[in-house]
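The values are calculated or read from the model by the stated rules, or taken from the named source; none is laboratory data. Only a predicted model underlies this, so the values are computations on that prediction, with no experimental measurement involved. A quick note on method: Cβ atoms are made from the backbone with ideal geometry, for glycine too, and the neighbour counts reach across all protein chains shown. Heavy atoms of the whole protein, side chains included, go into the accessibility calculation; ligands, DNA and RNA do not. Shrake-Rupley method; radii C 1.70, N 1.55, O 1.52, S 1.80 Å.
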Amino acid sequence: MASKKVLTLVFVKEPGKILLGMKKRGFGEGRWNGFGGKVEKGETILEGAKRELLEESGITANTLSRVGLINFEFEKDPVILEIHIFKTSDYNGNPTETEEMRPQWYAEDSIPFSQMWPDDHLWFPYMFNNKLFEAYFLFKGMDIIVSHWIKEVDNL
Ligand code: 6U4
Ligand code: NA
Ligand code: NA
């Protein structure tokens, strides 16, 4: 039976640039990504997103705005990952390396997509153009997208 895991993914933005973190361990190790993780029992998705951002980057978000919602499925795996993506330009603190992530700023026109999850280059344009989206990706292993769809939405 399919079960669902709810996760968050947060991007810190400044005009023309974005903060990414190199994942040093666990799921997605070796890939640049936003900051995030599993939503815990007793917290809202927004609370989980802020907590993971702080734990992994040292940054406190005052406000988060929605970017998109993606459901990921992996062949031969009954678990669906529901990832809620946010961004913030309203935050305190300086990016700090943690046990899980090594943060680095990237210019929007030089995002290291070849060292990221292969779905990212397909939906980052929505984020950079401030278009909310919903998407679905079916993966085979960690590298191959078997099928997918993305659609712009009015709200999430
Ligand atoms: P624990 O087990 O507590 O150390 P936790 O930090 O809760 O882990 P983690 O690091 O496994 O969770 O979360 C995975 C992170 O990777 C989330 O922020 C979502 C993100 N992620 C997973 N698949 C992704 C994909 N295909 N594309 C993407 N981000 C993905 O851009
Ligand atoms: Na994480
Ligand atoms: Na976690």
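Using only Cα atoms and rounding to the nearest 10 degrees, what angle (0 to 90) does helix 45-57 make with the longest principal axis of the chain? Approximately 60 degrees, to the nearest ten. As a fraction of the 1.4 Å probe accessible area of the chain, surface on carbon and sulfur atoms comes out at 51 percent.
Under 5 Å between amide hydrogens, built in the peptide plane, is the criterion, and for residue 80 it picks out 3, 4, 5 among residues at least 5 positions away or on other chains. The string of couplings for region 17-32 from the Karplus curve (6.51, -1.76, 1.60, θ = phi - 60°) is 9, 9, 8, 10, x, 7, 6, 8, 7, x, 5, x, 3, x, 10, 6 Hz, one whole number per residue in order, with x for Gly and Pro.
Sort largest first and round to whole Å: the equivalent ellipsoid semi-axes of region 109-156, each the square root of five times a Cα gyration tensor eigenvalue.
Largest first, region 109-156 gives 20, 16, 6 Å.
Charge dipole (Cα centre; +1 on Lys/Arg Cβ, -1 on Asp/Glu Cβ; no other charges) of region 60-156 amounts to roughly 140 debye.
Shown is the FRET efficiency for residue 73 and residue 151, computed with R0 = 25 Å from the Cβ-Cβ distance and rounded to the nearest 0.05: 0.90. Between the amide H of residue 31 and those of 23, distances stay under 5 Å, these residues lying 5 or more places away or on another chain, with hydrogens modeled in the peptide plane. When a/c is below 1.5 the answer is rounded, else prolate if a/b is larger than b/c, else oblate, so apply that to region 23-130 with a ≥ b ≥ c taken from the square roots of the Cα gyration tensor eigenvalues. Rounded. Of the beta bridges in region 1-99, as assigned by DSSP with both residues counted there, near 65 percent are antiparallel. Note on region 18-45 and region 108-156: Cα centroid distance 16 Å, given to the nearest whole angstrom. Name the residues of region 123-154 whose amide N is less than 18 Å from a point 7 angstrom out from the Cα of residue 63 along the C-beta direction? Inside the label zone: 130-132.
For residue 17, the amide hydrogen comes within under 5 Å of the amide hydrogens of 108, counting only partners 5 or more places away or on other chains and with H modelled in the peptide plane. For region 20-124, the number of Lys pairs separated by eight or more positions or lying on different chains, with C-alpha atoms closer than 22 Å, is 11.
For the chain, the 222 nm mean residue ellipticity estimated from helices alone, with every DSSP H stretch of n ≥ 4 adding -39500 (n - 2.57) and the total spread over all residues, rounds to -4500 deg cm²/dmol. Of the trypsin sites (Lys or Arg not before Pro) in region 43-123, the ones in a loop by DSSP (not H, G, I, E or B) with at most 11 other beta carbons within 10 Å are 76.
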